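The structure appears right after this line, and notes come after that.
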Amino acid sequence: MLDESLCSLVDARRAIEFGLCDLFNIRISKCGGFLNSLKLAALARQAGLGYQLGCQVGETGILSAAGRHFASSVSDIRYVEGSYDQFLVRERLTVENLTFGRKGLAPAITRPGLGVTIDERALARVPIDSLHVPIS
């Protein structure tokens, strides 16, 4: 599986050219966003490779929502990771709890946009610059 080394279409094309894998682990936040991730999925299918949706450690409900839309938008996806919200983050940033349910099930989101509401109060409590490293 091409995992950590899959960040772009260039990476994917090289892996296909040299026969380095049979599966892509596509992470929306690492692979250039939703559109690039869709392109990676299409490229995998064209090359006869499988693909799965990976997640990021500490992803919030915002990224989980994007992942659910991705998983609902493509065909032949093998595996889906994500929606660990309440298990990985201290403060949920969406009003909706997007944590997967029993047996790992997570329904598609059908509302427009990402389909979630940002909890403005929770967002205000999350430090944006909590690590200051002095440059010497």
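The values are calculated or read from the model by the stated rules, or taken from the named source; none is laboratory data. Please read all numbers here as calculations on a predicted model, not as lab measurements. Cβ coordinates were reconstructed from backbone atoms using ideal geometry, including for glycine residues, and neighbour counts include every protein chain displayed.
Annotations for the structure displayed:
- Residue in the range 9-24 that is farthest from Ile77 (Cα to Cα), counting only those that are surrounded by 12 or more Cβ atoms within 10 Å (Cβ to Cβ) and among the acidic types (Asp, Glu): Asp11
- Selection status of Ile62, in contact with a strand residue (DSSP E or B) (Cβ under 7 Å, 6 or more places away or on another chain), closer than 21 Å to Ile109 by Cβ and at pLDDT below 95: yes
- Scan of the range 1-37 for residues that are farther than 28 Å from Gly61 by Cα and either in a strand (DSSP E or B) or in contact (Cβ under 8 Å) with a residue 12 or more places away in the chain (or both), ordered by number: Arg13, Ala15, Ile16, Leu20, Cys21, Asp22
- Of all residues in the range 50-80, those satisfying the criterion of being surrounded by fewer than 19 Cβ atoms within 10 Å (Cβ to Cβ) and either in contact (Cβ under 8 Å) with a residue 60 or more places away in the chain or part of a loop (DSSP other than H, G, I, E, B) (or both) are Gln56, Val57, Gly58, Val74, Ser75, Asp76, Ile77, Arg78, Tyr79.
- Residues satisfying the criterion are absent from the range 33-48 (criterion: crowded, with 18+ Cβ neighbours inside 10 Å, within 21 Å of Leu123 (Cα to Cα) and out of contact with any Cys (no Cβ under 6 Å at 6 or more places or on another chain)).
- Of the criteria (1) at pLDDT 95 or above; (2) on the phi < 0 side of the Ramachandran plot; (3) surrounded by 15 or more Cβ atoms within 10 Å (Cβ to Cβ); (4) more than 14 Å from the chain's Cα centre (by Cα), which one Leu93 fails: (1)
- Tally of residues being loosely packed, with under 14 Cβ neighbours inside 10 Å and at pLDDT 90 or above across the range 119-136: 2
- The range 8-34, residues that are hydrophobic (A, V, I, L, M, F, W, C) and either within 18 Å of Gly82 (Cβ to Cβ) or touching a strand residue (DSSP E or B) at 6+ places or on another chain (Cβ under 9 Å) (or both): Ala12, Ala15, Leu20, Cys21, Leu23, Phe24, Ile26, Ile28, Cys31, Phe34
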